[in-house]
1. Specify which of the listed residues (88, 104) is more than 14 Å from the chain's Cα centre (by Cα), surrounded by 13 or more Cβ atoms within 10 Å (Cβ to Cβ) and either touching a residue at least 40 places away in the same chain (Cβ under 8 Å) or within 15 Å of residue 65 (Cβ to Cβ) (or both).
2. With the requirement that a residue be open to solvent by less than 30 Å² (accessible area, probe 1.4 Å) and closer than 11 Å to residue 131 by Cβ, what does segment 40-78 give you?
3. What are the residue pairs meeting all of these: first residue in segment 49-68, first residue farther than 19 Å from residue 38 by Cα and polar (S, T, N, Q), second residue part of a strand (DSSP E or B) and open to solvent by less than 90 Å² (accessible area, probe 1.4 Å), Cβ atoms under 6 Å, and 6 or more apart or on different chains?
4. Exactly one of (1) farther than 24 Å from residue 51 by Cα; (2) modelled with pLDDT of 95 or more; (3) touching a strand residue (DSSP E or B) at 6+ places or on another chain (Cβ under 7 Å) is unmet by residue 133. Its number?
Amino acid sequence: MKFKILSAMFLLVALMSCSVDNENNPQVIKTEWHLRNVSGGIQGIDYDFDYNVVIWEFNEAQGTVVIENNNTDDSIEDGLDSGTYSYEINDGTDFTFITIDNNELGNINILENELNIDTNLTSSGMGSDGYVYTFRKVEYFE
């Protein structure tokens, strides 16, 4: 009987002292940017997207962005088609610009959980009929 109680106490202490580092400090294994809104253009659109419709995933080490575009409505502006593209981030004097497959899209601004691309503002000047794409960050943890 004593052996069973001691065994149970030992097992309880052992389980309580175990800690999985990932529970206390989960590691981000994947970051996606989900297109949430497109505004602007000649018509002055303002369209909100659901999560998982248009997803951008940047690979900084390879300099690529993988775009998964599940929008089937061609009348709604949604940016680039699905595919893998090369990209560069270029710091200007006052602004930072993103270039995808050698085509400058515009000013990129990254806040904590939001990424904005303003196609009205490029390194060559200011426009007025471009779009502003707003993305939200989604992180996956292990």
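The values are calculated or read from the model by the stated rules, or taken from the named source; none is laboratory data. Here the structure is a predicted model, which means the values were calculated and not measured. Cβ: placed from backbone, ideal geometry, glycine included. Neighbour counts: every protein chain shown. For the accessible areas, the whole protein counts, side chains as well, though only heavy atoms, and no ligand, DNA or RNA atoms are used. Shrake-Rupley method; radii C 1.70, N 1.55, O 1.52, S 1.80 Å.
1. On the way: 88 fails: surrounded by 13 or more Cβ atoms within 10 Å (Cβ to Cβ).
The conditions single out 104.
2. 40, 41, 78
3. From segment 49-68, the pairs are 64/86.
4. Here residue 133 meets the rest and fails (1).
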